[in-house]
1. Can you name the residue in the stretch 93-142 that is over 22 Å from residue 43 (Cβ atoms) and of a type in the set (A, V, I, L, M) and is also modelled with the lowest pLDDT among such residues?
2. Looking at 23, 68, which is the one that is modelled with pLDDT of 85 or more and either of a type in the set (A, V, I, L, M, F, W, C) or in contact with an Asp or Glu (Cβ under 6 Å, 6 or more places away or on another chain) (or both)?
3. Keeping to the stretch 162-177, report how many residues are in contact with a strand residue (DSSP E or B) (Cβ under 8 Å, 6 or more places away or on another chain) and assigned to a loop (DSSP other than H, G, I, E, B).
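The values are calculated or read from the model by the stated rules, or taken from the named source; none is laboratory data. Just so it is clear, the model here is predicted, and its values are computed rather than measured. Cβ atoms come from the backbone with ideal geometry, glycine included; neighbour counts cover every protein chain shown.
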Amino acid sequence: MSKRFGLRLLSLLVAVVICSGLVLAATPEFSADMIMTDAKGKATKGKIYVQGTDKIRQEFGNGDEASVAILRLDEKVSWTLLPDQKYMEVKLDFDPFQVNQNVEYEMATLGSETINGYACKIIQYTYKDRKLGILVQWFSEELGFAVKVQTKDAKGKVTSTVEYQNIVEGKQPAELFEIPSGYSKFSIIPKLPF
């Protein structure tokens with residue numbers, strides 16, 4: 001179960017960064033509570049820590065079941081820390097802060113709204129490939145990050161929402177973005193004998 005959770009956590013981290021990075025402008029540095037809500041309304045709570053444009057940490061769960069994902073764009077790698085003091089490493093061959101030139105979309109500014117104390121511009125990305133759906137983000141220029149991100153299917157039905165609350169701006173400890181001592185590397189891909 002922890003392997004599956006780790007993969008889901010990694011996928012979510014990359015998706016959030018891609019969504020937030022579409023209009024990333026400033027150099028954000030903050031921590032916040034993160035609320036992820038799926039299409040059925042089930043909410044998952046976690047924490048996010050951001051240091052500049054190249055270091056992000058997300059935490060989910062409590063105690064022995066806590067899982068952590070660390071995205072290090074400066075090293076083009078993502079680490080998922082599992083509860084049993086193991087970590088998975090995934091090399092990134094793309095830059096989540098750069099829009100994929102192969103994915104066509106139309107961008108529209110829908111207005112503005114204050115979310116959790118931050119003035120935000122509401123930006124909608126409608127993908128030409130309908131199976132990719134629609135992405136809406138509430139982007140704060142002050143924070144330099146999207147405070148809220150929502151995905152929708154091609155018909156406009158909300159499929160997920162990520163919102164950051166209790167945002168505390170300020171320097172984040174460097175050790176949050178490193179693999180803790182005592183962790184060993186784990187791979188879900190078996191090593192081949194040849």
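1. 99
2. 68
3. Kept after step one, since they are in contact with a strand residue (DSSP E or B) (Cβ under 8 Å, 6 or more places away or on another chain), are these residues of the stretch 162-177: 162-172, 174, 176-177.
From the residues that got through so far, the ones that are assigned to a loop (DSSP other than H, G, I, E, B) too are 170-172.
Qualifying residue count, the stretch 162-177: 3.
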